[in-house]
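Only one structure is covered here, and it is reproduced in the block below.
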Amino acid sequence: MTSSFGRAFTCTVAINGEAGNSPQPDCGLGRWQGHLRIDGRDRLAEVPGTPRPFLAFDRTLRARFVAASDPDRSLRADDHWVIWGRTDAIVDGVARTEDWRFNQPRTVMGIDQAGRRLFLLVVDGRQPGRSVGFTRAQVASFLDAFGVRGAMLCDEGG
């Protein structure tokens, strides 16, 4: 679990990039897996044929975003930390506006053009009358206002 990971690695913030293994057989979530690198050591690799977007950080904490649609899926030697997400939200400054999964609670990670600022967005949802969540288009529109150039939707927080 994300909380266990955070404690084990003394994290100030721990983000669930994706749901991981399905909690029960035939629940519809399937097995989600992408690139994961911690302190320069590969922990997981993307499943061939199932591209996931990812953020990669070098030792100076400069980040780069690799969209799920990017044909080059390889990690670089200087990628020291890598975490995958579920699907693209913003690619090269262009909002992905397909309303994937409609309004949902959202956890989103994005970066600015220089790769120096990390943006984290958490949107509550599934609470009629209080919070209905965001569509992917709403996520992209919100983050665009802050200059985010690459972003990915992560775990929706079931």
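Applying the criterion of being assigned to a helix (DSSP H, G or I) and at pLDDT 75 or above to the residues of the stretch 1-41, the residue that is nearest to GLY85 (Cα to Cα) is GLY6.
For the subset of the stretch 48-60 comprising residues that are over 17 Å from VAL148 (Cα atoms) and surrounded by 15 or more Cβ atoms within 10 Å (Cβ to Cβ), which member is nearest to the chain's Cα centre (by Cα)? Within the stretch 48-60, the match that is nearest to the chain's Cα centre (by Cα) is ARG52.
Quick check, is GLN138 buried (at least 19 other Cβ atoms within 10 Å of the Cβ) and over 25 Å from PHE57 (Cβ atoms)? No. Any idea which residue in the stretch 76-133 is least open to solvent (accessible area, probe 1.4 Å), counting only those that are among the small types (Gly, Ala, Ser), closer than 14 Å to PHE57 by Cα and in a loop (DSSP other than H, G, I, E, B)? Only one residue tops the list, namely GLY115. When ALA151, ALA145, ALA137 are screened for being touching a Ser or Thr at 6+ places or on another chain (Cβ under 6 Å) and under 15 Å from ALA95 (Cα atoms), only ALA137 passes. All of ALA45, ALA63 fail the test of being open to solvent by less than 30 Å² (accessible area, probe 1.4 Å) and without any contact (Cβ under 8 Å) to a residue 60 or more places away in the chain, apart from ALA63.
The values are calculated or read from the model by the stated rules, or taken from the named source; none is laboratory data. Since the model is a prediction, treat every value here as computed from it, not as a measurement. Reconstructed Cβ throughout: ideal geometry from the backbone, glycine too, with neighbour counts over all protein chains shown. The area values use the complete protein model at the heavy-atom level, side chains included, leaving out ligands, DNA and RNA. Shrake-Rupley method; radii C 1.70, N 1.55, O 1.52, S 1.80 Å.
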